[in-house]
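Structure record follows, encoded as structure tokens.
The values are calculated or read from the model by the stated rules, or taken from the named source; none is laboratory data. For clarity, every value in this text was computed on a predicted model and none was experimentally measured. Note: ideal-geometry Cβ built from the backbone for every residue, glycine included; neighbour counts use all protein chains shown. For accessibility, only protein heavy atoms count, side chains too; no ligands or nucleic acids. Shrake-Rupley method; radii C 1.70, N 1.55, O 1.52, S 1.80 Å.
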Amino acid sequence: ADSMNRNEGTGLIDDVSHPADASSSRGASVPAPQRARLIAVGFVIAAAVALVISLVTDPFANDEEQIIESSESPPSILGKKSGDMSICTDGHYSKRTLQKAYEMPYAALFRDRRGQKKFEASDVIVVNDTIYSICDSSWAISKFGDELRPFSAENVQIGDPERDPEDESGYEALMHVDGTFYVVRESVFHDETSTYHAIIEELTLTEDGLDYVIEDACSCEFEFEGDSKGFEGAIAVRSMDDKLTILGLCEGNHCSETKGKKFDRGNGKVIAMQKDTDDDTGDCKWKTVREISVPSSAYFKDYSAISMRESDNRVLITSQEDSQVWIGSLTGDQQEDSGQWDIDTLEFDEGHSKVYHFPKNDLCQTIYCNVEGIHWMDDHSVIAVSDKMKSRGKQPFQCFDKDQSVHTFVLP
């Protein structure tokens, strides 16, 4: 007798039992349709288990070393399918994390984008309930309402974004003092000395508010090692003799872009500078007055923005690489009536400082990967802006959703 029975005309095997076991196997055999359903259910269960495992493990483990080596960005942001879950699950997440209030991509703010395809945001300030922002890819100053209404006619780019079509602006810091915008170009190569220095431009708006006039542009005395790790943020104070003093925040630790120093955590620096103009030649330079250390409690891999609230001297310092913000105070001898400072006594007070995370996603991954500007909105909320996501695998896909955007957050 045949050991296998086949469906007529199909060749499909219905029963593979031996004739000697036929009497016992017929009672235990499973009809073909039912077997097919069981096999399908088994595949579904296996796929579901594999998906769950992928969510709690690191599928990029074999690639992570290669990615980090090529980009020098921290493992906390790169390559991980899930973040450090202890940050999100130890019961203190809400106490040490900013809460998102509302946000908007730059691309959705402007009716007329003026040909701009990217908005590499680098700083933001609030002036009389109006937001001003800069991008290191553009020569314009963006202006929009603090409600971030999309495509509002009030949201405009001031000045020509392509003022110098051969070069990007390198704008990294923005201040507003007595009607003048002070804009810092991060680090620019100077042909005459073959050295790198920041340049501070002084801009005033035209009467219609749609363009600006360059009142002055002066190099900074402080020398950088290259063009990639210069001043990343700045605030302005006045000295006892009423001189405007700009405090420039270096991006790299030790103000360096050398591999062994720039990521040496907890060694942030601020450079205090005052403008000096030669009466005979008219040449100007922002002379270095002194260096001020950022507190080691801001134990950051880099420093991407700084802001100070004048009412109580509360300071914000952000890290793009760590997706965190340090909140402390500027202290020193200050005249109560004029607000002027003894620059020699300026220090950052870390006695009551705190470090907060920017929000994570459901897998506790870093999603605010490129915060480059921050400013106080009121006592309990801040506004921040994000640069463009790094390409070519230097940052994971989850960084994309928040890049080139304006965000508002509420403090815990």
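Worth pointing out:
- Of the strands (runs of 3 or more DSSP E) contained entirely in the stretch 197-268, those carrying at least 3 residues that are within 19 Å of S122 (Cβ to Cβ) and without any contact (Cβ under 8 Å) to a residue 40 or more places away in the chain fall at 212-224.
- Filtered residues of the stretch 359-376 (kept if open to solvent by less than 20 Å² (accessible area, probe 1.4 Å), assigned to a loop (DSSP other than H, G, I, E, B), touching a helix residue (DSSP H, G or I) at 6+ places or on another chain (Cβ under 9 Å) and closer than 15 Å to S386 by Cβ): Y368, C369, N370
- Filter result for the condition that a residue is of a type in the set (K, R), more than 23 Å from M85 (Cβ to Cβ), in a loop (DSSP other than H, G, I, E, B) and out of contact with any Leu (no Cβ under 9 Å at 6 or more places or on another chain), over K388, K394: K388
- The stretch 146-161, subset touching a Ser or Thr at 6+ places or on another chain (Cβ under 8 Å) and modelled with pLDDT of 95 or more, residue most open to solvent (accessible area, probe 1.4 Å): V156
- The single condition from (1) in a strand (DSSP E or B); (2) farther than 22 Å from R185 by Cβ that K143 fails is (2).
- P105 open to solvent by 40 Å² or more (accessible area, probe 1.4 Å), touching a Leu at 6+ places or on another chain (Cβ under 9 Å) and under 27 Å from F400 (Cα atoms): no
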